[in-house]
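S.K.: Quick one: structure below, then a few questions.
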Amino acid sequence: MKFDDILIHLGEFGYYQIRLYLLLCIPAITTGCYMMGLVFYMAPPEHRCKLPMYPNDTYNIQSSYHGDLINTTIPLSSSDLHTYDQCHLYSNHDNTSGRERSLIECDQWVYDRTTFYETFTSKENLVCEDTMKTSHAQMIFYFGVLVGDLGFGMFIGRKKTFAITAVILFLSGLGTAWAPEYYSFVLLQFIDGAAVHGIFMICCVLGVELVGPTKRVWAGIPIHIFFAIGLVYLAGSAYLFRNWFYVQLTVAIPLCFTSLIGDIFINRRFIPESPRWLISQGRFEEAEKILYKVAQVNKKVLPERIVDEKTIDENAKDERLWHLFTSQFPANTATIFLLDRMGRKKLHCLCMFVSGFACLGTIFPVLFGGDELRPLTLTLAVIGKFGAAAAFGVVYQFSLELYPTVVRNGGMGASSCVARFGGMAAPYVAKLGDLVTGKFGQALPLVIFGACSVSAGLLALALPETLGRKLPDTIKEAETFSKRDDKGLEYKINKPKLPSFNFISDKGTMNPAFIGENSR
């Protein structure tokens, strides 16, 4: 008996599966907190250089004397976004001579505590020359997420991985709050990223694997609602405490329930190992015990010896992770060579068209062909996947260059959130093939997916091209981005490679983010 047939006999989404699924959704709250936590921890508050010989200096003006001292020591910012120059002070505090005063870099800062009393950025002074370290920390965290996605759950099973990642996340989360300096902080962030997404992926997999084929749509969406609850919890904690240390503790300490108390009293009793995984490993008796327990809770009756080597495809043991990557890498590699030749807009449109028309093209062999046209269907599917993977890479680059500096992080985060709506809607669209009968029902999901892809490609043509353009820094610049002669935003690509250090001039310091973005 195939495994999905067993689930139909068990009850596709009975009491046992519902109870299990709700327990697995709880860690998703923590995942939401950790995935967006660095937005608060690494936020750079408004700041300026600390006044020399003024030990009690604060960002806010304390008195008229303090205000006069700031005005004679700290130059005003050349940017409309800031009041003061954030990285320099005058070498000579006396401006009565009328001579132009030189600027020097500072190594101490004071911060505006209106929004946050302290972030990790202000604690470690990750500003000016060290400002890129905040981006490095986020990159390392998401690299940890990648490692967690690939590494956890491949060899030791779902349940053991769940317990291990929960304990690791609890310990690394507490350690992050007491990280003494930047490098230990980013190391712990890497561990946090690997563990938090490792446990999230395990919860997603475990939650779906015991649900029957016609009910899986109900097991794929709610966990993302719990993820959103985590975001609300994080925002509330940040608003209440306004200190990254206490926010981190409010995120990490509740994990004590999940990792220690929960594992001892709840997880071991109510969260089983995945029967699918056990069967794929040839551990049939263990899988049967779990399935009989599910049947008992759901008040169903199963025959004896329901699991054998035919329950899951005999080729399952030969499947390996790297088999998934036979058509991903070529798409992303191709975009590397085409981005600077075709431009972002045209290439993204082309990729979306390839994906969309390939999806639409599968309608004909699916509806009017038989087994003899399966190679054509497979070919179109691979082409569609190629286009989608390439478009995914292009749109990230395109979006980074379209969003202005002031909202780039938030804009990219918002774009990622919008992408989740597509993931949430996809199971319902696919389900239309079962709800709508006849050939029209078979074609309807393909029409919707293909039309959405083609429409997205057409809509991309309305966006300004970013090839050979400076990154916009303000929202106003982004709004006028399509005007190629606006404020000198256009520049030639074939400029000499910019060095990775700051240039000092009488106008201040060049933006290190601009240098880093354009010297890659």
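S.K.: Any residue in the range 76-96 that is more than 30 Å from residue 208 (Cβ to Cβ), out of contact with any strand residue (DSSP E or B) (no Cβ under 8 Å at 6 or more places or on another chain) and of a type in the set (Val, Ile, Thr)?
M.R.: Within the range 76-96, the first condition is being more than 30 Å from residue 208 (Cβ to Cβ), and the residues that meet it are 76-96.
In the following step, the residues that additionally are out of contact with any strand residue (DSSP E or B) (no Cβ under 8 Å at 6 or more places or on another chain) were identified as 79-82, 92-96.
Retained after the next criterion (residues that are of a type in the set (Val, Ile, Thr)): 96.
Looking for residues that are more than 30 Å from residue 208 (Cβ to Cβ), out of contact with any strand residue (DSSP E or B) (no Cβ under 8 Å at 6 or more places or on another chain) and of a type in the set (Val, Ile, Thr), one finds at least one in the range 76-96, hence yes.
S.K.: Another question, if that's okay. Would you say residue 45 is surrounded by 15 or more Cβ atoms within 10 Å (Cβ to Cβ), assigned to a loop (DSSP other than H, G, I, E, B) and in contact with a helix residue (DSSP H, G or I) (Cβ under 7 Å, 6 or more places away or on another chain)?
M.R.: On the way: surrounded by 15 or more Cβ atoms within 10 Å (Cβ to Cβ): yes; assigned to a loop (DSSP other than H, G, I, E, B): yes; in contact with a helix residue (DSSP H, G or I) (Cβ under 7 Å, 6 or more places away or on another chain): yes.
So residue 45 fits the description; yes.
S.K.: Moving on. Within the range 363-378, is there a residue that is modelled with pLDDT of 70 or more, over 18 Å from the mean Cα position of the chain (by Cα), within 18 Å of residue 456 (Cβ to Cβ) and open to solvent by 30 Å² or more (accessible area, probe 1.4 Å)?
M.R.: Taking every residue of the range 363-378 in turn, none turns out to be modelled with pLDDT of 70 or more, over 18 Å from the mean Cα position of the chain (by Cα), within 18 Å of residue 456 (Cβ to Cβ) and open to solvent by 30 Å² or more (accessible area, probe 1.4 Å).
The values are calculated or read from the model by the stated rules, or taken from the named source; none is laboratory data. If you're wondering where the values come from, they're calculated on a predicted model, not measured in any experiment. All Cβ positions, even for glycine, are placed from backbone atoms using ideal geometry, and neighbour counts span all protein chains on display. The protein model used for the area step is the full one, side chains on, heavy atoms only, and it has no ligands, DNA or RNA in it. Shrake-Rupley method; radii C 1.70, N 1.55, O 1.52, S 1.80 Å.
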